[in-house]
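The values are calculated or read from the model by the stated rules, or taken from the named source; none is laboratory data. Keep in mind the model is a prediction, meaning the values are calculated, not measured. Cβ placement follows ideal geometry from the backbone for every residue including glycine, while neighbour counts extend to all protein chains displayed. What goes into the accessible areas is simple: the full protein's heavy atoms, side chains included, and nothing from ligands, DNA or RNA. Shrake-Rupley method; radii C 1.70, N 1.55, O 1.52, S 1.80 Å.
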Amino acid sequence: MALSEPAHVLVVAHQTAATQRLLDAVRERAKSGPVKFHLVVPRRAQGMHKVVDPQDVGDDEAQRVLDDALPKLSEAAGHEVTGEMGDSEPLMAIHDAINLGAFDEIIVSTLPLGVSRWLKLDLISKTKALGLPVTHVQAANKVEAAAGVGAS
């Protein structure tokens, strides 16, 4: 039997993209077999921009998150992790990524319960409904998440 193709894992994170818990989860997943990771950072609409032009906001911030997180995630994975900015709605960002790429599983990283907008939107359950295995990684606290993303 030929060597199996690496599993393709979609990682979805924003403020938590460089947190220790996510890095640990990527490291652990990488140990369990050949895998390729791809990070999607949903843009974040802010203030009036959400109403006026939701597509035009959050690019600078999302790009900073990618620039900060990709080297750390690549180190944790033991190989290059690719990444891109996604739709400002996290579920749409996940749908877009799955429609464009062949992913076998998803890791969603969020802020803690009570702080996370994604958890309030029930993102984990909605992502599981897509039929792929989903791992939920929750940042230890908001301080860790803020430290993980540098300036944000």
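Structure notes:
- Residue list for region 70-117, restricted to those being closer than 18 Å to R43 by Cβ and part of a loop (DSSP other than H, G, I, E, B): D87, S88, E89, L111, S116
- Among residues of region 108-132 that are touching a residue at least 12 places away in the same chain (Cβ under 8 Å), those with a Cβ under 7 angstrom from a residue that is surrounded by 13 or more Cβ atoms within 10 Å (Cβ to Cβ) and basic (K, R), sequence gap 6+ or separate chain, pair up as L111/K142; P112/K142; V115/K142.
- When every residue of region 49-58 is checked against the conditions, none turns out to be small (G, A, S), open to solvent by less than 20 Å² (accessible area, probe 1.4 Å) and either at pLDDT 90 or above or in a helix (DSSP H, G or I) (or both).
- Residues that are polar (S, T, N, Q) and more than 21 Å from L23 (Cα to Cα) were ranked within region 69-105; the one that is least open to solvent (accessible area, probe 1.4 Å) is S88.
- Residues (in contact (Cβ under 8 Å) with a residue 40 or more places away in the chain and more than 13 Å from S74 (Cα to Cα)) located in region 21-32: R21
- Here E61 passes the criteria (1) at pLDDT below 95; (2) outside any helix (DSSP H, G or I); (3) of a type in the set (D, E) except the one numbered (2).
- Scanning region 1-36 for residues that are open to solvent by 60 Å² or more (accessible area, probe 1.4 Å), in contact with a strand residue (DSSP E or B) (Cβ under 6 Å, 6 or more places away or on another chain) and within 21 Å of A140 (Cβ to Cβ) yields one hit, R21.
- Residues that are surrounded by fewer than 22 Cβ atoms within 10 Å (Cβ to Cβ) and either within 16 Å of L39 (Cα to Cα) or out of contact with any strand residue (DSSP E or B) (no Cβ under 8 Å at 6 or more places or on another chain) (or both), drawn from region 106-124: I107, G114, V115, R117, K120, L121, D122
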